[in-house]
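Have a look at the structure below, then the notes.
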Amino acid sequence: MKSKLLRITVLGIVAVIALTFIYYSGIQRIEGIYQVVGVTNKGIIIQSGSEEHTIRTTPDIMALIQMDHFYDIQYEKKPLQEPTLNYIRPRS
């Protein structure tokens, strides 16, 4: 009985470690020059070429952004979540 319980515990720990590794390896950091084309209630809409992305951010950042301007932006795409803004700077 103790041997089965030990095996189940070890398999559970291995599964948690594997799922954690898979989740963190799926996170992508994306950086580039994007044009801000819109604002939603949760964030901003950016465009690069024909691709548009909605990025979650805070209301204070949304208030500072000017439409149709280009910004140097870095954001994170996490599995099963909306992308999150890391930083935004006016393009120089």
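The values are calculated or read from the model by the stated rules, or taken from the named source; none is laboratory data. All figures in this text were calculated on a predicted structure; none of them were measured in a lab. Because the Cβ atoms are built from the backbone with ideal geometry, glycine has one as well, and the counts that use them run over all protein chains shown. Each accessible area value is taken on the protein alone, full model and side chains, heavy atoms only, with ligands, DNA and RNA left out. Shrake-Rupley method; radii C 1.70, N 1.55, O 1.52, S 1.80 Å.
Can you find, within the range 36-66, the residue that is surrounded by the fewest Cβ atoms within 10 Å (Cβ to Cβ) among those that are touching a strand residue (DSSP E or B) at 6+ places or on another chain (Cβ under 9 Å) and of a type in the set (Ser, Thr, Tyr)?
This residue is Thr58.
When you go through (1) touching a strand residue (DSSP E or B) at 6+ places or on another chain (Cβ under 8 Å); (2) open to solvent by less than 100 Å² (accessible area, probe 1.4 Å); (3) closer than 21 Å to Lys78 by Cβ one by one for Val16, which number turns out not to apply?
Here Val16 meets the rest and fails (1).
Among the numbered conditions (1) in contact with a Pro (Cβ under 9 Å, 6 or more places away or on another chain); (2) within 16 Å of Gln66 (Cβ to Cβ), tell me where Ile45 comes up short.
Condition (1) is where Ile45 drops out.
For Gln28, work out the one condition from (1) modelled with pLDDT under 90; (2) open to solvent by 70 Å² or more (accessible area, probe 1.4 Å); (3) of a type in the set (S, T, N, Q) it doesn't fulfil.
(1)
For residues that are in a loop (DSSP other than H, G, I, E, B) and out of contact with any Asp or Glu (no Cβ under 7 Å at 6 or more places or on another chain), tally how many sit in the range 27-71.
Residues in the range 27-71 being in a loop (DSSP other than H, G, I, E, B) and out of contact with any Asp or Glu (no Cβ under 7 Å at 6 or more places or on another chain): 12 in total.
Got a sec? Which of Gln74, Gln81 is within 12 Å of the chain's Cα centre (by Cα) and either without any contact (Cβ under 8 Å) to a residue 12 or more places away in the chain or outside any strand (DSSP E or B) (or both)? Give the derivation first.
Values: Gln74 fails: either without any contact (Cβ under 8 Å) to a residue 12 or more places away in the chain or outside any strand (DSSP E or B) (or both).
None of the others qualify; the one that does is Gln81.
Does His69 qualify as being touching a strand residue (DSSP E or B) at 6+ places or on another chain (Cβ under 9 Å) and closer than 17 Å to Pro90 by Cα? First the steps, then the outcome.
On the way: touching a strand residue (DSSP E or B) at 6+ places or on another chain (Cβ under 9 Å): yes; closer than 17 Å to Pro90 by Cα: yes.
In short, yes.
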